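The next block holds one structure in the form of structure tokens; read it before the comments.
The values are calculated or read from the model by the stated rules, or taken from the named source; none is laboratory data. Keep in mind that this is a model prediction, so the values were computed, not measured. Heads up, the Cβs are rebuilt from the backbone with ideal geometry, glycines too, and the neighbour counts pull from every protein chain shown. The accessibility values were calculated without ligands, DNA or RNA, using every heavy atom of the protein model including side chains. Shrake-Rupley method; radii C 1.70, N 1.55, O 1.52, S 1.80 Å.
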Amino acid sequence: RTLAELVSYESDLTGKSGGIISMGDLSYANGNQPEWDTFGNFVTYASDHIPMLTTLGNHEWFDSPNHDFKAYLARFTNPPVASGERELYYSFDSGLVHWVMIAGYCQ
């Protein structure tokens with residue numbers, strides 16, 4: 001299915017839909033900022049219509065020369081943790097499931 005078909009399907013659902021949960025390696029841009037931006041624009045279109053929560057993988061780690069996840073953090077807004085800070089790890093409830101999003105490449 002295409003992204004447009006997925007968005008159309010989600011908008012036609014009545015009640016709650018599941019959304020998208022991505023567990024890292026969102027893009028294989030590997031430091032190529034224009035490629036990361038192209039992917040980011042695609043994801044932004046999807047997440048404007050479908051709830052989306054993410055964590056990062058090693059390819060998001062490579063996307064910043066200082067390995068500080070700037071490209072990822074500029075594009076994705078994770079829920080704040082107890083301190084109120086946005087972190088690279090967090091948890092949330094969805095229905096009967098408690099999700100824990102842990103990024104293995106952060107300290």
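For the range 9-24, how many residues are part of a helix (DSSP H, G or I) and open to solvent by less than 60 Å² (accessible area, probe 1.4 Å)? First the steps, then the outcome.
Let us first name the residues in the range 9-24 that are part of a helix (DSSP H, G or I), namely 9-12.
Now restrict to residues that are open to solvent by less than 60 Å² (accessible area, probe 1.4 Å): 10.
Adding up the residues that qualify gives 1.
None of S47, S17, S83, S64 is out of contact with any strand residue (DSSP E or B) (no Cβ under 6 Å at 6 or more places or on another chain), among the hydroxyl-bearing types (S, T, Y), modelled with pLDDT of 80 or more and at negative phi except S47. Residues of the range 25-56 that are surrounded by 15 or more Cβ atoms within 10 Å (Cβ to Cβ) and part of a loop (DSSP other than H, G, I, E, B): L26, S27, A29, I50, L56. When the range 29-41 is filtered for residues that are within 22 Å of G104 (Cβ to Cβ) and under 14 Å from the mean Cα position of the chain (by Cα), the ones remaining, listed by number, are W36, F39, G40.
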